[in-house]
Amino acid sequence: MKNYIFLILILTLAGCSNESSLQKYFVEKTESADFIAVDISPDILNADATQLSDEQKKALKTFKKMNILAFKRNETNQEKFKTENAKLKEILKNEKYQELMKFGSGKSGAAVYFTGKEDAIEEFILYGAQSETGFAVVRVLGDKMNPENFMVLLSALQKSDINQEHLKPLEGLFK
């Protein structure tokens, strides 16, 4: 359960020109010292197939990988935080990214977007920001996912023994 809560925290933390895309943004920022980038494959879940329902197994098969990009705000990068957060919000305004839901208040908020068709989603995008700590954007890439698959995938995480070593780079984001 602790692993599930940690992953959910990661997921919730957290138009420009035609050339801008979320994928390009990830590639450009991966090497920046202000960003933490983590790629997660389905192997990290260590899900015991005997503990999963048929629906959960089916949802897991649609999951290909997850990319996480987080910006940890500190005393020296406050202006960069504002600039990068604005760039990211502008990218997500592109009609390619369809908003599923949005929630939050003045100092923090989160949103869920997707690309593709509602019955054949290519990626879910989770974006979250807190003015004091930073922001994170998570790309959940898959094959013919749908919103129900995504929710079932989250429920399958409860039955997973997540390999914490892959998430170590994100630990400092929450301190």
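Odds and ends about this structure:
- Cross-link table Lys57/Lys89; Lys57/Lys96; Lys64/Lys107; Lys29/Lys65; Lys61/Lys102; Lys24/Lys65, entries beyond 24 Å C-alpha to C-alpha: Lys57/Lys89; Lys57/Lys96; Lys64/Lys107; Lys61/Lys102
- Charged-residue dipole, Cβ positions (Lys, Arg, Asp, Glu), the stretch 16-118 about Cα centre, Debye nearest 20: 220 debye
- For the stretch 111-155, the per residue solvent-accessible surface stands at 37 Å², with DNA, RNA and ligands left out and a 1.4 Å probe.
The values are calculated or read from the model by the stated rules, or taken from the named source; none is laboratory data. In this text the structure is predicted, and so the values were computed from the model without any measurement. All Cβ positions, glycine included, derive from the backbone under ideal geometry; neighbour counts span all protein chains shown. Protein only, heavy atoms only, side chains kept; ligands, DNA and RNA dropped before computing areas. Shrake-Rupley method; radii C 1.70, N 1.55, O 1.52, S 1.80 Å.
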